[in-house]
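The values are calculated or read from the model by the stated rules, or taken from the named source; none is laboratory data. Everything numeric in this text was worked out from a predicted model, so none of it was measured. Virtual Cβ from ideal backbone geometry, glycine too; neighbours counted across all protein chains shown. When the accessible area is computed, the model is the full protein with side chains, heavy atoms only, and any ligands, DNA or RNA have been set aside. Shrake-Rupley method; radii C 1.70, N 1.55, O 1.52, S 1.80 Å.
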Amino acid sequence: MHDSRSAFAQAFVRLTEPLIFSRRRLTLAVLAIITVFLGWQATHLRVETGFDKQLPLGHPYIGVYKQYQKEFGGANVTLVALRQKQGDIYNAAFMRTLRALTDAVYFTPGMDRARVSSIFTPDVRYLEVVEGGFAGGNVVPADFQPSAEALQRVRGNVDKAGIVGRLVANDHGGAMVFSELLERDPVTGVKLDYIDTAHRLEEVRGRFTSPKLYEYRLKHDAPPLKAGELLRTAYADPRGLTFALRKVDAVPGESGETRSFRGYQLEVKELANPDYNPGIEVHIIGFTKAVGDIADSAIEVFSFFGLTVLLVWLLLWRYCGSPQVALLPLACGVLAVIWELGLLHMVGLALDPFAVLMPFIVLAISTSHGIQITSFWLNEVADNGLPPLEAAKATYRRLVIPGLSALATNFIGFGTILLIPIDIIREMAINAMLGLMAIVLCKKMLLPCLLTFASIKDPVKFREHQQRRDRQFAPVWRLLASLTQRPVAAAVLVLAAALWGWGEWVARDLKIGELHAGVPELRPDSRYNLDSAAVVRDFSIGVDVLKVVAEGKTDGCIDHAIVSLMDRFAWRMENTPGVQSTLSLPKLQQKVFNSYSESNPKFNTLPRESGALVITVQPFPSSTGLLNEDCSAMPVLVFTRDHKAETIDGIVAAVDKFIAELPPDAPVKFRLATGNVGVMAAANDVIKDTEFSVLLWLFVGIGVCVLASFRSLAGLVCVLVPLALVHVASYAVMVYLQIGIKISNLAVAAFAAGIGVDYGIYIYSVLEENVLQKRMSLRQAYENTLHQTGKAVIFTALTLAATVCTWLFSGLQFQVDMGILLTMMFVANAVAAVVLLPAFAAFLLRPASEDAAVPQAAAAGSTAA
C-alpha cells in the first residue's frame, strides 16, 4: 500500500497530486476559507463539564444511583465548612456568619434547596427527655438571637442532635453547610454551568473573608438602566490592565435577564465589606469546586501551549536552517488544533477541563508528521538540488501513503477508547479523532502546498547547512546501522525481552483509580486540596461517601430483623480500614430509644417490638434522605477518609464479603452503590473490565493497518513489538510515579501508541524500499534510512520531549504527571523504533545478496555523506 509497486498507491497519488499542486492557489484559498470558518466556530467553543458524563451508565452501581437519586440524593455533593480560627463556634459573630453563609449557599443557582443543611436549617433537629415526657425542635430556634443564654442552648442542642462530626466539627471549632447540586434545572431543563457555579461559590467565600467589596456601576445610561445603577458585587479587585476589555455579565434589577457589559462601560467602587469576619476561615470542596479550579488553571495550560509552539519553532529553525521553512509545519500544526476545536463545537461538544490536554496531543501528532514531511523536502532540496515545487511533489509521492497509514492507525487507536462506556472518555476519543481528521488535511495537503512557495534567500548556504548537519550525524548513523548485524541484533533483542519482563513485573502493582487524597489533578498545595485536608481533619465526614442501599419489605424500618441487620452492617463498615464514620436510620433510632429510657446506656440498642420501633422512626421523615416513603429502602452512608483506589477497593471488598455471608433468605438485600465513592468505584470497575479488551483491539487495529501497509510479517513485527514494549514500560513508569489509570489519563496510552506507530511506519517504509527495491544490503539500507527519516524521528522525539518538560512548572498536578510520562514516551518510542526495528529486521527482512547490493553502495554512501 505504501510503496511504488502498489497499484493503489500509484492510483491514489495520480488522483490527488494534481488536485493539490496543479491549482495551488485555489487549494490554498479553499483551505483558507475552511480555516476561517472553523476558527470562527472555535471562538464559540465553551469549556464545560457535567457530573453525569463521569458516570458509567451501564454499570449496576449506577443503576442503583439513578433509581434512588431523588430519594437519597445524588453524588454531586458540595461541602462548605466554616472554621473559627480561635475558640469554638458559640459566639455571636460566628453565628451571624454561619446564618448568612447558609442563606448564600441555599440561594446559589443550581443548588437542590431541599438538600441544603446546616444547624440553621429546619431539617436539623434534636430530641431530649424532659420531666413531662419529650421535647424537641430545631437545633437553632427560628427566633434565635445570639445572646449568651441562647448560645449555650444551641451548644446543648448540638450535643442532643448527634450532629457532632457531621454538621459541627469534632472539637466544636467549625460548622458545615451540606448541599447537593442538580444536573439540570427542574423547571427549565437547562444544564448546570459547573464552572460558573464554582465561581459563585468562590464569591461566597470572598463575601466572608475579604475585607473589601467592589461594586460594578454603570458609567452612562444603558436603557432601561440608569447611570450609577448597581449591576453586581464582587469580593476580589477586578481592576487591571485588561479590565476595560473584559466582559462582565450581570443580572440587574428584578428582570432576571442576564446582560453583558465591557469593563470600560463600568465604574468600580471599593467599599468596606460589612459581612467580613476576620476570625473565620471558609473551606469549600466538591466536584463542582474541583472542576472550577481545574478550569481556571486551564488558562495557564493554554499559556503552556503558546510556550510549546515557540520552543518547537526555535528548534525547527535550528534543524532546518531557515525560520520561514521552520514556521510552515508549525503553522499547519496550530491550524490543525484550530480545526479540531472548531469541529468539536460543530458536533455539539464542549472542551472538558479533564480533556484540556487533548489539543497538545493533536499538536504533537501533527508536529511529528510535519517534521517528517519537511525533513524529506529538505533532503530533496539539499541532496538532489530540486526546486521547492518539485521537492514538494517528490515528498508528497514518497510520504502520503505511509503518512495516511500512520494516521489511520492513530484513528483506530483513539477509536478503541470508544469501547469504554463513560461519556467523558468517549468525548476525549471523539476530540482526538476530529483532530486526526484535521491533521490529514493540514499536513497531507496544506503543508506540501505551502512548501512549494517556500522562499530560500540563499540556496547555496541553505544546502550547506543541510549537508553540514548530515555530515555531523553520519558517524551516528553508521554506528546505529551495526544493529542490523545478527550478533548485535540478538543481544539487543535479549535486552529488550529482559526490559519487557521487568515492565510486566513492575506493572503488576499498577492501580486503577486515584492514588492520592484530595483531587490529584491539582497540586497538593492547591487551595482545593488544602480545603479537603482541613475538612477531613475537623469533621467525621467529607465529600467522599459511599451509600449502600438496604432493600427490604414495606415498613422495614419497624422490623427488628431488618434494622438490626443494617446496624450490624454499619458496625462492620465502621471497623473497615479507610472508613471515617457511618450514618444510617437504625443508628439514629438507637439514640431515640435511648432517650426514651432516660439515656440509660444499657438501652442504647434497637427495641425488638415494632410498636417501639414506630416511635423511634417518627422524628425522621423521608426528606432526611435516610428512608424512602414506604420505608422499603434505607441507605447506609459510609464516609471514607479519601477516594484512593486502595481505599475504595478495600471498602467495596468488605461490603461484598458481608453480602456473601448473608443467607439466601436474609430480610435485607444490600445494593451497591450511590454517593461519589460509588460512582468512582463503578468507573474503576468499568476501566478494569474494559482495559484488556481496549488494548487488545488497539493492537489488533494497529496490526491490521500495518499489515495492510506492508503486507508482510516482518513489517508487522518490526512496527508492533517495539510499540508494545513501550506500552509495558510506560505502565511500569506509572507505578514509580504513583499515577493510577483513571479517566483523565486513559487516552495517553492510545496517544503513545499513535506516536510510536508514526515512528515505526516512517522508518520501516524507507528501510523496506531500500532493501527490496533498491537492492541495498540491510546495513547500508538502514544507514540510508536513518539519513532520510531516522533523523526526523529522533529530532521529533527530542523536540516534543523538550517542550513537554515545561509542563513540570504547571499548577495542574495531572499536567505535571502527564509531562513526565509523555517525555518518557516520546523518547522511548523513538529509541524503540530506531534500535529494535533494525534488530528485528536483521532476522525477518531478507536483504539482497552482497553482490547485488554492490552497485547500490555508492549511491547509499553519497546520500549519507
*Environment charge of Ser532, counting only residues whose C-beta is closer than 13 Å and scoring Lys/Arg +1, Asp/Glu -1*: -2
*Per residue of the range 363-375, in order, report the coupling 6.51 cos²θ - 1.76 cosθ + 1.60 (Karplus, θ = phi - 60°) as ³J(HN,Hα) in whole Hz, putting x for Gly and Pro.*
4, 5, 5, 5, 5, 4, 5, x, 5, 4, 5, 5, 5
*What FRET efficiency do you get for Arg846 and Ser482 if R0 is 22 Å and r is their Cβ-Cβ distance, rounded to the nearest 0.05?*
0.70
*Could you tell me whether the range 208-347 comes out rounded, prolate or oblate from its Cα gyration tensor? Rule is a ≥ b ≥ c as square roots of the eigenvalues, rounded for a/c under 1.5, then prolate if a/b exceeds b/c, otherwise oblate.*
prolate
*Cα shape, the range 47-102, gyration tensor, a/c 1.5 rule*: prolate
*Work out how much length Leu19 to Glu215 would gain on full extension: take 0.36 nm times their residue separation and subtract the Cα-Cα distance, in nm to one decimal.*
64.6 nm
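Considering Cα pairs under 8 angstrom that are at least six residues apart, work out the relative contact order of the chain and quote it in whole percent.
Relative contact order here is 17 percent.
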*Computed label-point distance, nm, for sites Asn384 and Ala32 using a 7 Å Cα→Cβ extension*: 3.0 nm
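Carbon and sulfur atoms: what percent of the 1.4 Å accessible area of the range 528-678 do they account for?
Solvent-exposed carbon and sulfur of the range 528-678 make up 51 percent of the total.
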*Indicate the gyration tensor shape class of the range 688-742 (rounded, prolate or oblate), computed on the Cα atoms with a ≥ b ≥ c the square roots of the eigenvalues: a/c under 1.5 is rounded; otherwise a/b larger than b/c is prolate and the rest oblate.*
oblate
*For the range 528-678, build the charge dipole from Cβ charges (+1 Lys, Arg; -1 Asp, Glu) around the Cα centre, then report which of Ala533, Trp571, Phe620 sits farthest towards its positive end.*
Trp571
*222 nm mean residue ellipticity, helices alone, for the chain (DSSP H n ≥ 4; -39,500 (n - 2.57); rounded to 500)*: -19000 deg cm²/dmol
_Accessible area per residue in Å² at 1.4 Å probe, computed on the range 212-272_ = 65 Å²
*Hey, what's the range 532-617 come to in accessible area per residue, 1.4 Å probe, Å²?*
42 Å²
*Pair Leu495, Glu661: separation of 7 Å Cα→Cβ label points (nm)*: 5.4 nm
*Could you tell me which label, among [x] 38, 36, 32; [y] 62, 33, 21; [z] 58, 42, 26, carries the value of semi-axes √(5λ) of the Cα gyration tensor in Å calculated for this structure?*
[y]
_So if I place +1 on the C-beta of Lys and Arg and -1 on the C-beta of Asp and Glu, and nothing else carries charge, what would the dipole magnitude of the range 212-272 be about its Cα centre? I want it in debye, nearest 20._
220 debye
*Which sequence of Met433, Met825 reflects their accessible areas, 1.4 Å probe, from the largest down?*
Met433, Met825
*Add +1 for every Lys or Arg and -1 for every Asp or Glu among the other residues with Cβ under 15 Å from the Cβ of Ser322, and state the total.*
+3
*What number comes out for the charge environment of Val728, summing +1 per Lys or Arg and -1 per Asp or Glu over other residues with Cβ under 15 Å away?*
-2
*If R0 is 56 Å, what FRET efficiency do you get for Lys688 and Val460 from their C-beta distance, rounded to 0.05?*
0.35
_As an exercise, take the mean of 1/r over every pair of distinct alpha carbons in the range 296-420, invert it, and state the Kirkwood radius in angstroms._
16.2 Å
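Using heavy-atom solvent-accessible surface (probe 1.4 Å) with all chains present, what is the largest-first order of Val536, Val638? If you can, show how the numbers build up before the last one.
Working: Val536 50, Val638 0 Å².
Highest to lowest solvent-accessible surface, that is Val536, Val638.
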*Mind scanning Lys53/Lys247; Lys160/Lys591; Lys226/Lys269; Lys212/Lys289 and naming the pairs with a C-alpha gap bigger than 19 Å?*
Lys53/Lys247; Lys212/Lys289
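How large is the accessible surface per residue of the range 664-806, computed with a 1.4 Å probe and reported in Å² as a whole number?
It amounts to 28 Å² per residue over the range 664-806.
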*Which value does Rg/Rh take for the range 528-678 over its C-alpha atoms, Rh per Kirkwood?*
0.98
*Within the range 63-107: backbone nitrogen closer than 13 Å to the Arg155 label point (7 Å, Cα to C-beta)*: 87-92
*Would you compute the Debye intensity of the range 212-272 from its alpha-carbon atoms alone, equal scatterers and no solvent, and pass along log10 I(q)/I(0) at q = 0.19, 0.21, 0.28 Å⁻¹ to two decimals?*
-0.66, -0.80, -1.33
*Sort out for me the Cα centre separation of the range 662-713 from the range 12-48, rounded to whole Å.*
38 Å
*Quick one: if the Förster radius is 30 Å, what FRET efficiency do Val164 and Arg99 give, using the C-beta to C-beta distance and rounding to 0.05?*
0.95
*Can you give the extra length, in nm with one decimal, that the chain gains between Lys247 and Gln145 once fully stretched, where that is 0.36 nm per residue apart less the Cα-Cα distance?*
32.5 nm
*Would you be so kind as to identify which of Ala222, Gly678, Ala517 lies farthest towards the positive end of the dipole of the chain, taking Lys and Arg as +1 and Asp and Glu as -1 on Cβ and the Cα centre as origin?*
Ala222
_Heavy atoms of the protein only, probe of 1.4 Å, neighbouring chains included. What is the accessible area of Cys631 in Å², nearest 10?_
10 Å²
_Theoretical gain in end-to-end length, Val831 to Ala227 [0.36 nm per residue, Cα-Cα removed]_ = 210.8 nm
*At a 1.4 Å probe radius, carbon and sulfur cover how many percent of the accessible area of the range 212-272?*
50 percent
*Post the alpha-carbon centroid distance, the range 297-345 to the range 447-483, in whole angstrom.*
22 Å
*Using alpha carbon centroids, what distance separates the range 56-114 and the range 488-528, in Å?*
37 Å
*Determine the share of the range 334-455's accessible area contributed by carbon and sulfur atoms, expressed in whole percent, with a 1.4 angstrom probe.*
70 percent
